[in-house]
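*Asks:* Structure below; questions to follow.
Read-outs throughout are calculated quantities, based only on the coordinates presented, and are distinct from any laboratory measurement. Here the structure is a predicted model, which is why all the values come from computation and not from measurement. Here the Cβ is made from the backbone with ideal geometry for all residues, glycine too, and neighbour counts use every protein chain on show.
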Amino acid sequence: MFTGLIREIGTVVDDRNHILTIRSSLKPEVGDSIAVNGVCLTVTEVLHDGFRVEAADETRRIVPPEKLRGRVHLEPAMRMGDRFEGHIVQGHVDSIGTIRRIQRGENAVEYTVAVDPSQIPYLVPKGSVTIDGVSLTINEVGEDWFRLTIIPHTVEHTLFKEYRPGTRINIETDLFARYVDHILKNRTAAKQSMGWEEIDAVSMSF
């Protein structure tokens, strides 16, 4: 589990045989989980100037290739007793969005993100979302987009300062929104498919 607070910007210096070599000052142990641009990956080897992680076929099928090369956001998994400062992040990318618009203000930068409409139910105004591993608050939601307002400190200390319209981003929607939606959908489906015979059978079992 992660919090969506970036600890370092590392650099992917090699990618072969599903193994990424990342230059970083972080000192993980083999088997540790590291979020790389919001993707939870397992450390397979520790180097003097970084570490290696494995990116499986499923990861590469979902995540754009540019999100696993060059400069990347890094966050080690939480440890018991760590401060909880962001929100609950699993490191599972739900969908890929695209920066549609960037508007700079006096004390913030607004990013409008285009996203598949199927993800909109999980994007709640004033709720949380993870973009390339960064925990952020949603300001506004449309039919196929949402808007973020990001303070200068976050922009300056993340890769957001390098993003432009057209940049693709990893999106992880809010964990609780996904769970609630799944529970309600399955509960509704169960009610629709359960007849009186099934109800009687359940009642008689007690």
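*Asks:* Give a quick list of GluC sites (Glu not before Pro) in the range 28-77 that DSSP marks as loop, anything other than H, G, I, E or B, with at most 16 other Cβ atoms within 10 Å.
*Replies:* Glu29
*Asks:* When only DSSP loop residues count, what GluC sites (Glu not before Pro) in the range 103-178 have their Cβ near at most 10 other Cβ atoms within 10 Å?
*Replies:* Listed in order of number, the matching sites are Glu106, Glu143.
*Asks:* GNM, the chain, Cα, under 10 Å: largest mean-square fluctuation among Gly38, Gly105, Gly97?
*Replies:* Greatest mean-square fluctuation among the candidates belongs to Gly105.
*Asks:* Right, something else. When a/c reaches 1.5 or more, the comparison of a/b and b/c decides; with that in mind, is the chain rounded, prolate or oblate per its Cα gyration tensor?
*Replies:* Details: a/c = 2.16, a/b = 1.42, b/c = 1.52.
Oblate, because a/c is 1.5 or more while a/b does not exceed b/c.
*Asks:* While we're on this one: Mind checking which of Ile183, Ile131, Ile22 has the largest fluctuation in a GNM of the chain, springs on alpha carbons under 10 Å?
*Replies:* Most flexible of the set in this elastic network: Ile183.
*Asks:* What distance in nm separates the simple spin-label points at Phe176 and Asn107, each placed 7 Å from Cα in the Cβ direction?
*Replies:* Label-label distance for Phe176 and Asn107, simple model: 2.7 nm.
*Asks:* Here is a further query. Where nothing but the Cβ of Lys and Arg (+1) and of Asp and Glu (-1) is charged, how large is the charge dipole of the chain around its Cα centre, in debye to the nearest 20?
*Replies:* Here the chain has a charge dipole of around 480 debye.
*Asks:* Give me the number: length gained by fully extending Ala114 to Asn186, i.e. 0.36 nm times residue separation minus the C-alpha to C-alpha distance, one decimal in nm.
*Replies:* Here the segment from Ala114 to Asn186 would lengthen by 23.1 nm.
*Asks:* Oh, and also: What list do you get for Met1, Met80 if you sort them by fewest beta carbons within 10 Å? Intermediate values should be presented prior to the final figure.
*Replies:* Values: Met1 15, Met80 4.
Listing Met1, Met80 from fewest to most nearby Cβ atoms yields Met80, Met1.
*Asks:* Are there any chymotrypsin sites (Phe, Trp or Tyr not before Pro) in the range 53-160 that are in a DSSP loop and have at most 11 other Cβ atoms within 10 Å? List them by number.
*Replies:* Passing sites in the range 53-160 are Phe84.
*Asks:* Considering only Leu175, Leu47, Leu68, give the residue with the highest GNM mean-square fluctuation for the chain, with springs between Cα atoms whenever their separation is below 10 Å.
*Replies:* Ranking Leu175, Leu47, Leu68 by mean-square fluctuation puts Leu47 first.
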